[in-house]
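Before any comments, here is the structure.
The values are calculated or read from the model by the stated rules, or taken from the named source; none is laboratory data. The shown structure was predicted, so the numbers you read here are calculated from the model rather than taken from an experiment. Heads up, the Cβs are rebuilt from the backbone with ideal geometry, glycines too, and the neighbour counts pull from every protein chain shown.
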Amino acid sequence: MKLKSSHLLLSKEVFTLLILLCIYRTLTVSAAVPPGYYSAATGAGAILKTQLHNIISGHTAKSYDYLWTAFATTDVRNDGTVWDMYSDRPDATPAYLFTLSDNQCGTYDEEGDCYNREHSFPASWFNDAAPMYTDLFHLVPTDGYVNNRRGSFPFGEVGVATWTSTNGSKLGTSVTPGYTGTVFEPIDEYKGDFARAYFYMATRYENLIAGWYANSTEANAILQNNNFPVYETWFLNMLGNWHVQDPVSSKEIARNDAVYAIQGNRNPFIDHPEYVYQIWGIGEMDMQGHVTNFSPRNIHLQWIDATGPVVPDGYLVRVSTTGFDDITAPVDGVNYSSTGADYHVPYGKQQVWIKNLSAGSYYIKIYPYKGSGAAIDYKTDGNIPQISKTLN
């Protein structure tokens, strides 16, 4: 098979699995959380949020101009283009791509003209004050025109859109119960990213955020006059839903590490998604009054697609409950049906859920392939990516 040796990233499994797996190479651990970084995070509710605040406060603030430089490590794709969540299309080729440095705004008249620095938590909500103004955990590169259309409107879920971007981000009237104003809705792929940025803001700036609600009508729509729970109920519940529906991705893990290298602090809700539930009681199933010792027993694998002159059409994910040696290599020309042991994942999807599992150990290998039917051709040479997980 002509697929070139390239990289595949398996990054997460429900709750605990954060693994970096290089395709055809060796297994290493991902998410560079310093040992003991969260050792003081032992509480729950508002206490836990304050403990996390104490851990992540005092970061090294950079200048606004430096953000252009920072994006080269925090928001760059494998091909060197800008990772813009307002224009990216995970299921297709974006209408346009920006080149780092060359396509910085300037002026713009339409989508695709240039990218700028988006305060996903609008700067007017905190009066453009430091250090929030340059905090990379909520600052991302986005299309300048789309950024302008979003303005300072809250994130929300739109019914009938008054405007839609090329990747499907929408502006319109909120249909989220509890709010009927104008909102901006990013695509599903990045809703969790933005939700975790907002949980970060509520935690990193818990000593300041109580007063921000009065800074604008839009700020007042989502903020309460307190440092816990911080957000209005409608908005907090929506963030919790987004957090669950779009789990932490390999993109976020890599970005968290890159921002840590620049600012010296981390987003705890990327490293520990369970903190959302432990603090706010959202973002996870509430077991009170129901069965105990409940486990979802799902494995969620994500990766960065293989790259090179020839890319695969898809991947065959093979699962065994007895060991890696019991996973046989697929045979060219044979189409294996998706069952409890085999899963076909098309190129570009970059994830698979293995659900409703029993307690025990699971062993997984991934085989890229080209073609279909009698012409299907699997890559079975080299170091096959593999991973194991025990579910209790």
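Here are the numbers:
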item: Residue that is loosely packed, with under 14 Cβ neighbours inside 10 Å, among the β-branched types (V, I, T) and at pLDDT 95 or above, where the choices are T69, T60, T42, T28; result: T60
item: Strands (runs of 3 or more DSSP E) (entirely within segment 119-204) containing at least 1 residues that are closer than 27 Å to A72 by Cβ; result: 139-143, 182-185
item: Scope segment 246-281; condition among the polar types (S, T, N, Q) and in the same structural domain as F71 (by TED's automatic domain parsing); matching residues; result: S249, S250, N256, Q263, N265, N267
item: Subset of segment 158-187 that is touching a helix residue (DSSP H, G or I) at 6+ places or on another chain (Cβ under 7 Å) and modelled with pLDDT of 95 or more - its residue that is farthest from Q51 (Cα to Cα); result: W163
item: Subset of segment 338-392 (residues that are free of Cβ contacts under 8 Å to residues at least 40 places away in the same chain, in a loop (DSSP other than H, G, I, E, B) and buried (at least 18 other Cβ atoms within 10 Å of the Cβ)); result: none
item: Boolean, Y277 is buried (at least 16 other Cβ atoms within 10 Å of the Cβ), modelled with pLDDT of 90 or more and within 23 Å of the chain's Cα centre (by Cα); result: yes
item: Of the criteria (1) within 20 Å of the chain's Cα centre (by Cα); (2) small (G, A, S); (3) farther than 30 Å from I56 by Cα; (4) crowded, with 22+ Cβ neighbours inside 10 Å, which one G168 fails; result: (4)
item: Test result for A221, under 17 Å from H59 (Cβ atoms) and either in contact (Cβ under 8 Å) with a residue 12 or more places away in the chain or assigned to a loop (DSSP other than H, G, I, E, B) (or both); result: no
item: Count of residues meeting criterion [surrounded by fewer than 18 Cβ atoms within 10 Å (Cβ to Cβ), in contact (Cβ under 8 Å) with a residue 24 or more places away in the chain and of a type outside the set (A, V, I, L, M)] in segment 89-104; result: 7
item: Filtered residue count, segment 305-334, keeping only those that are assigned to a loop (DSSP other than H, G, I, E, B) and touching a residue at least 12 places away in the same chain (Cβ under 8 Å); result: 19
item: Yes/no for D313 being acidic (D, E), within 30 Å of P94 (Cβ to Cβ) and at pLDDT 80 or above; result: yes
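Here's the yes/no breakdown for (1) part of a helix (DSSP H, G or I); (2) hydroxyl-bearing (S, T, Y); (3) in contact (Cβ under 8 Å) with a residue 60 or more places away in the chain:
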{"position": "V33", "(1), (2), (3)": "no, no, yes"}
{"position": "T42", "(1), (2), (3)": "no, yes, no"}
{"position": "T50", "(1), (2), (3)": "yes, yes, yes"}
{"position": "T60", "(1), (2), (3)": "no, yes, yes"}
{"position": "L67", "(1), (2), (3)": "yes, no, yes"}
{"position": "T73", "(1), (2), (3)": "yes, yes, yes"}
